[in-house]
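Peer 1: Take a look at the following structure, please.
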Protein chains: 2
Amino acid sequence: MTEIQCSGFLAGGISAGLKKNREKDVGVIISEVTAHVAGVFTRNRVKAAPVVLDLERIKSGKSRAIIVNSGNANCCTGEKGLQDARTMADILAGHLNIDPEQVLVASTGVIGQPLPIEKIEAVIPELADNAGEGGIEDFAAAIMTTDTVPKIAIKKVNRAGKTYSVLGVAKGAGMIKPDMATLLSFICTDADVTPELLNQMLVRATRRTMNRITIDGDTSTNDTVLLMANGKSGVAIANKEDVRVFQKTLDGVMMELARMLVKDGEGATKLVEIIVRGALTDGDADQIAATIAHSNLVKTALFGEDANWGRIMAAAGRAGIEMDPEKVDIRFNDVLMVEKGCGCGASAEEAATEVLKKSEFNIQVDLNLGDGGASYFTCDFSVDYVRINADYRS
Amino acid sequence: MTEIQCSGFLAGGISAGLKKNREKDVGVIISEVTAHVAGVFTRNRVKAAPVVLDLERIKSGKSRAIIVNSGNANCCTGEKGLQDARTMADILAGHLNIDPEQVLVASTGVIGQPLPIEKIEAVIPELADNAGEGGIEDFAAAIMTTDTVPKIAIKKVNRAGKTYSVLGVAKGAGMIKPDMATLLSFICTDADVTPELLNQMLVRATRRTMNRITIDGDTSTNDTVLLMANGKSGVAIANKEDVRVFQKTLDGVMMELARMLVKDGEGATKLVEIIVRGALTDGDADQIAATIAHSNLVKTALFGEDANWGRIMAAAGRAGIEMDPEKVDIRFNDVLMVEKGCGCGASAEEAATEVLKKSEFNIQVDLNLGDGGASYFTCDFSVDYVRINADYRS
């Protein structure tokens, strides 16, 4: 599909033999000109080597290329790991004849095993030579681990006769409890945006989208979101209205990716939005929504299509937030299941059970205390999640 | 077994038809004389009706009897729920001709369904009449939900020619992430202890034992631990040495129950102690141990018998605690698997995999930063946990 592209960005993916079955496992995104760049990264104290490298390099606000491998996280790999991350960048920079300091690196996969850097080195020339404007799907495939589908979202904006694009790619599936940044996601735009503005807007968009999802409550050591802007469209994001529209577009692309991530969570069969209203503050609502979204008992009940609202009440109750159980209403989509803390009986239960059979729905919890609200996306917790993660390394 | 008893305490269990298959589901413990009592309860904001009732009644420090049902949590049941909890106590008190205010109540099971109080009322006379000194096993069976085995622990202490006992019973299995108190546990002693001392020692023992375990990270709405002391042995816990010995005995009984609880966690096949050492403070160590113990990814790897230490590092790193990944050592029992943040290679991996095949072992994480230490008991996370909880209400 030729439309899934962003001017001046070339992308590609190739197999280096890090994953089984010769699946693609190394990808690049290359900007034809030096782009401005912003990034948000994991807050885990254990940071993978490429995260450590990027944190240093991103300070310049400039980047020409990103190289990513799946199948190995290059984390807990000591000095060699850091050297391997640098080598990935160096080889690509040498081949493209660009500044290695302007190459960013990301890795995803098993933690604690040395990166087979020679396998990656061997494929970089072919990967770089074949990268093209239509190569984003190959790139999206190359960064997948236990993801079952590639995740790409694009939006285009017309401004004064010109068009710019925001094109995003992500991978997720497990070890996902965002904290500031999450998972791997790469976003390109051909708008012209200063590094400062880029950073502000990325932080804001991350908070609104990818920091509002959970799959299993574990925060990855490799979480990285990078946003590159190369200005190729000729549209500069300059005035307030430009910023508003760009932010909205970026939020939209990242929210689309975030929803795809949860939907394709390891073993997930359902995408569920937890909406909390009527809290004393937005922060309170957020804490309760997150606690419900993370509850293993809520998530296993979702898998069982069981409208077990008692678990929702119990999860809300342990969030450590002011609440009065006897004021709480709970809805599954629009079915009122709990009113003032008590169940609404058999017919409500029956209607709620119908909602639970859907692949996407929401659960609304109204505390009836104030105006605070927040929402969170979660998935169900299935037998397959356990199977996938019990056997992950074998 | 006549030895599993405590002087002056009568116990029993009966089926009232709350659970399927006519399993026992209502139990009593009756003290022949008024006992001193202490209790710790869930910190969940959503508290079941019997917890609300007990919190009020325990202020007197005196109790004659405890009545417990399984199969229904009597939680989120409104004013009727509170009335039902009172009725359970009233009927038992009327039959025994004791003060209803001295009867404590506990419930466990599904949240949000009205208690079929008439079924419980119907069996109370027979239950009370048949309660005996040897009835603790029937009581232990009557409080089980998804537990697969009853949980009883007893210790006896000789003091100046007399003997006193500390006899504990517990039920657990799911919705277990202790916060101050946890699950249901009832402990009897025939020692003579003041209510104040009883309370101090129970709080301390709970912190050391049942607040150091996790099964699934969800805190129940019905958590209750009650400790009754009726003085029947003639041993008064009076001086410092008495207190030290009693505390140690109580800790021992509760730790034995706590280990049984984790071992019989829903779907669990392994009991694993997470030991963190070398933290800057005990509090830091505790936070890291708890985060590892709760991690779904660590727990599924345990189920898969996969020595995936990267997940242990990642969980430690997201605990929000000061650490230097490059100083961390990790051992499975005595097998050094990670040294200074890097894996110890194939032969260590092989030896660690052998440890993981055991049904009980420990994981030691040494941060090498200071003297802080803590430990936590957890279990693995199996396919059966999901199965049990997907179908819990059906």
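The values are calculated or read from the model by the stated rules, or taken from the named source; none is laboratory data. Owing to the predicted nature of the structure, the values given are computational and were not obtained by experimental measurement. Neighbour counts run over all protein chains shown; Cβ positions are idealised from the backbone, glycine included. Side chains are part of the model used for accessible areas, which takes the heavy atoms of the whole protein and leaves out ligands, DNA and RNA. Shrake-Rupley method; radii C 1.70, N 1.55, O 1.52, S 1.80 Å.
Peer 1: Which condition breaks for residue B:13 when tested against (1) modelled with pLDDT of 95 or more; (2) over 27 Å from residue B:230 (Cβ atoms); (3) not aliphatic (A, V, I, L, M)?
Peer 2: (2)
Peer 1: Run residue A:190 past the list (1) modelled with pLDDT under 90; (2) surrounded by fewer than 24 Cβ atoms within 10 Å (Cβ to Cβ) and report the number of the one that doesn't hold.
Peer 2: So the condition that residue A:190 fails would be (2).
Peer 1: Here is a further query. Could you say whether any residue in the range B:30-39 is open to solvent by 10 Å² or more (accessible area, probe 1.4 Å), at pLDDT below 90 and not basic (Lys, Arg)?
Peer 2: yes
Peer 1: Can you tell me how many residues within the range A:12-40 are closer than 16 Å to residue A:85 by Cα, under 22 Å from the mean Cα position of the chain (by Cα) and not β-branched (Val, Ile, Thr)?
Peer 2: 2
Peer 1: Residues being crowded, with 19+ Cβ neighbours inside 10 Å and in a loop (DSSP other than H, G, I, E, B): count how many of those fall in the range B:255-283.
Peer 2: Counting residues in the range B:255-283 that are crowded, with 19+ Cβ neighbours inside 10 Å and in a loop (DSSP other than H, G, I, E, B) gives 6.
Peer 1: Looking at (1) in a helix (DSSP H, G or I); (2) more than 10 Å from chain A (Cβ to nearest Cβ), which is the only condition residue B:365 fails?
Peer 2: (1)
Peer 1: Anything in the range B:279-321 that is at the interface with another protein chain (Cβ under 7 Å from one of its Cβ atoms) and acidic (Asp, Glu)? List them, or say none.
Peer 2: Selection gives B:306 alone.
Peer 1: May I ask you to list the residues in the range A:44-82 that are without any contact (Cβ under 8 Å) to a residue 12 or more places away in the chain and on the phi > 0 side of the Ramachandran plot?
Peer 2: A:78 - this is the single residue of the range A:44-82 that is without any contact (Cβ under 8 Å) to a residue 12 or more places away in the chain and on the phi > 0 side of the Ramachandran plot.
Peer 1: What is the number of the single condition among (1) within 26 Å of residue B:330 (Cβ to Cβ); (2) under 19 Å from the mean Cα position of the chain (by Cα) that residue B:278 does not meet?
Peer 2: (2)
Peer 1: Within the range B:322-343, track down each residue that is in a loop (DSSP other than H, G, I, E, B), facing chain A (nearest Cβ under 10 Å) and open to solvent by 20 Å² or more (accessible area, probe 1.4 Å).
Peer 2: B:322, B:324, B:340
Conditions (1) in contact (Cβ under 8 Å) with a residue 24 or more places away in the chain; (2) away from every other protein chain (no Cβ under 14 Å); (3) of a type in the set (Asp, Glu); (4) on the phi < 0 side of the Ramachandran plot, marked per residue:
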{"site": "B:112", "(1), (2), (3), (4)": "yes, no, no, no"}
{"site": "B:121", "(1), (2), (3), (4)": "yes, yes, yes, yes"}
{"site": "B:132", "(1), (2), (3), (4)": "yes, yes, no, yes"}
{"site": "B:138", "(1), (2), (3), (4)": "yes, yes, yes, yes"}
{"site": "B:147", "(1), (2), (3), (4)": "yes, yes, yes, yes"}
{"site": "B:159", "(1), (2), (3), (4)": "yes, yes, no, yes"}
{"site": "B:171", "(1), (2), (3), (4)": "yes, yes, no, yes"}
{"site": "B:187", "(1), (2), (3), (4)": "yes, yes, no, yes"}
{"site": "B:194", "(1), (2), (3), (4)": "yes, yes, no, yes"}
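Peer 1: Given (1) at pLDDT below 90; (2) assigned to a helix (DSSP H, G or I), where does residue B:47 come up short, assuming only one miss?
Peer 2: Here residue B:47 meets the rest and fails (2).
Let's see how each residue does on (1) outside any helix (DSSP H, G or I); (2) in contact (Cβ under 8 Å) with a residue 24 or more places away in the chain; (3) surrounded by 24 or more Cβ atoms within 10 Å (Cβ to Cβ):
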{"site": "B:199", "(1), (2), (3)": "no, yes, no"}
{"site": "B:207", "(1), (2), (3)": "no, no, no"}
{"site": "B:211", "(1), (2), (3)": "no, yes, no"}
{"site": "B:248", "(1), (2), (3)": "no, no, no"}
{"site": "B:253", "(1), (2), (3)": "no, yes, yes"}
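Peer 1: Hey, among the residues in the range A:372-394 that are part of a loop (DSSP other than H, G, I, E, B) and under 19 Å from residue A:212 (Cα atoms), which one's farthest from the other protein chains (Cβ to nearest Cβ)?
Peer 2: Step one: filter the range A:372-394 for residues part of a loop (DSSP other than H, G, I, E, B), giving A:380-382, A:391-394.
This time we only want the ones that are under 19 Å from residue A:212 (Cα atoms), so: A:380-381.
Values: A:380: 9, A:381: 6 Å.
Residue satisfying both the conditions and the ranking: A:380.
Peer 1: Show the residue pairs meeting these rules: Cβ distance below 8 Å; 6+ apart or different chains; first residue within the range B:214-235 and more than 13 Å from residue B:107 (Cα to Cα) and of a type outside the set (A, V, I, L, M, F, W, C); second residue in a strand (DSSP E or B) and at pLDDT below 85.
Peer 2: What qualifies is B:219/B:179.
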